[in-house]
Amino acid sequence: FLPIVGYSRADLAPGLLDEGALTPPGHREVDDLARREQGERGTCTPYEKAYLRKDGSAVPVLIGRAALDGEETTVAFVLDITERRRAADAIRARERQQEAVANLGRRSAETHDLAILFDLAATLAADTLDDVPSLHTTILRVATVRHVSNQRATDTGRDAILIAHVWRQRFQCHANMS
């Protein structure tokens, strides 16, 4: 537990590890529900909340509790679920990207106008690359240049190649981070 919240054994003595002080305001209600459930059943259903680390950052955790010897002694587990949350966020982002690409595929089957296809691809990239600001900015810049200069279909094709290159970089970066 101590490594999760960034405290040491020396911090235990002065009473710095009061559960109320370690719990952000929005998470106190779940603790109250868990205590009530533990009082009624002797145990509580594992639940998620956050603790405040010593440095002030929040860490998501999964907690379970059980009373031993009546209510005199409580045993609990606390698991850091930061990586699980990151993985779930990455899965949701990937699902959004896949849906956007499928939508682009459906829309591209309906039109053969390269300018419209480019606009769809640029919108797709801008909407799904919010976690990579530099690529997002590049795509928006390319889209702006395309609209401002009113380029012909051949220039739009070059723009589409640029977008494909940017997408390839994005997926390579994402794969390397996984």
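Between amide H atoms placed 1.01 Å from N, distances below 5 Å from residue 58 occur with 53, all of them 5 or more places distant or on a separate chain.
For the stretch 26-40, putting each phi into the Karplus relation 6.51 cos²θ - 1.76 cosθ + 1.60 with θ = phi - 60° gives couplings of x, 10, 6, 5, 5, 5, 4, 4, 5, 4, 4, 4, 5, x, 7 Hz, in residue order, rounded to whole numbers and with x for Gly and Pro.
At q = 0.10, 0.12, 0.16, 0.22 Å⁻¹ the log10 of I(q)/I(0) for the stretch 30-128 amounts to -0.53, -0.62, -0.78, -1.06, computed by Debye summation with a single uniform scatterer per C-alpha, solvent ignored.
By a 1.4 Å probe calculation restricted to protein chains, residue 81 has an accessible surface near 10 Å², given to the nearest 10.
The values are calculated or read from the model by the stated rules, or taken from the named source; none is laboratory data. Note that the structure is predicted; figures quoted are calculated from it, not measured. For the accessible areas, the whole protein counts, side chains as well, though only heavy atoms, and no ligand, DNA or RNA atoms are used. Shrake-Rupley method; radii C 1.70, N 1.55, O 1.52, S 1.80 Å.
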